[in-house]
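J.: Take a look at this one; I'll ask things after.
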Amino acid sequence: MINWFKRTFEQSSDLNRATAEEILRCDGFQEASSEDAQFIFDSILSEISNGHFSSNYLLPLAQRGLIHQIETSIQSRHSITHRGKCESIIYIFLSGNCPIGFSWVVETEKTGERELYMLAVSPNHRNKGIGKALILHTIAQFPSKTKFFARLYFSSLIMLRTLRAMGFKRGIKQGKKTVWLSYVSD
């Protein structure tokens, strides 16, 4: 139990640079388009059962709000959240012409700070480094010294380990059901 805790919460290192293999793997990394909206929505809904996203998205009203957030993020690079209107951008990873992963970043209430809001990789494309490559390429889209944070449900252990290995540190602020991590880009 103690070893599990140490592996999960106490790892830390500097953000690893993308390897040549990861860069090649991200040839399909681009800003999401309207054609990707259904994939993003379906990916979020499918991961709720694994405890990775809020179960509130199972409610029809919340789904309509989520669809609106996805669409406005893609069309205008803004989204309405509980904090009001904020910058929001979704990146997609394609294999050929098929979307297999996405990352979604929103600006927080602190100007210039970003939240890795959501990220998912299709189940049959996992364990290939695509999630890590998505994170690396997403962070690279922003100026150096940008502060990022991520909120993860406790069941998101693989993402937690990935972010910790990339240099994200556990934050002071913690939720009842979530772990908060932060990172300042090079």
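The values are calculated or read from the model by the stated rules, or taken from the named source; none is laboratory data. Being a predicted model, the structure only gives us computed values, none of them experimental. Cβ: placed from backbone, ideal geometry, glycine included. Neighbour counts: every protein chain shown.
J.: Condition first: small (Gly, Ala, Ser) and not in a helix (DSSP H, G or I). Now tell me which residues in region 30-73 satisfy that. So that I can check it myself, show each step before the final result.
T.: If we filter region 30-73 for residues that are small (Gly, Ala, Ser), which is where we start, we get 32-34, 37, 43, 46, 49, 51, 54-55, 62, 65, 73.
Residues satisfying the conditions are Ala32, Ser33, Ser49, Gly51, Ser54.
J.: Oh, and also: Looking at region 142-168, which of the residues that are exposed (fewer than 14 other Cβ atoms within 10 Å of the Cβ) and either acidic (Asp, Glu) or out of contact with any helix residue (DSSP H, G or I) (no Cβ under 9 Å at 6 or more places or on another chain) (or both) is nearest to Ile89 (Cα to Cα)?
T.: Pro143
J.: Another question, if that's okay. Checking Ile80 against (1) in contact with a His (Cβ under 8 Å, 6 or more places away or on another chain); (2) farther than 22 Å from Ile158 by Cα; (3) surrounded by 15 or more Cβ atoms within 10 Å (Cβ to Cβ); (4) aliphatic (A, V, I, L, M), only one condition comes out false. Which one?
T.: The single condition Ile80 does not satisfy is (3).
J.: Being in contact with a strand residue (DSSP E or B) (Cβ under 6 Å, 6 or more places away or on another chain) and of a type in the set (Asp, Glu) is the filter; apply it to region 32-57 and report the residue that is modelled with the highest pLDDT.
T.: Asp36
J.: So if I check each of Pro123, Pro99, which one is more than 14 Å from the chain's Cα centre (by Cα), crowded, with 20+ Cβ neighbours inside 10 Å and farther than 19 Å from Phe168 by Cβ? If you could, list the steps in order and put the result at the bottom.
T.: On the way: Pro123 fails: crowded, with 20+ Cβ neighbours inside 10 Å.
On inspection, the qualifying residue turns out to be Pro99.
J.: Being outside any helix (DSSP H, G or I) and surrounded by 14 or more Cβ atoms within 10 Å (Cβ to Cβ) is the filter; apply it to region 1-29 and report the residue that is modelled with the lowest pLDDT.
T.: From region 1-29, those outside any helix (DSSP H, G or I) are 1, 10-19, 29; that's our starting set.
Retained after the next criterion (residues that are surrounded by 14 or more Cβ atoms within 10 Å (Cβ to Cβ)): 11, 15, 18, 29.
Working: Gln11: 42, Leu15: 45, Ala18: 47, Phe29: 91.
Taking the candidates together, the pick is Gln11.
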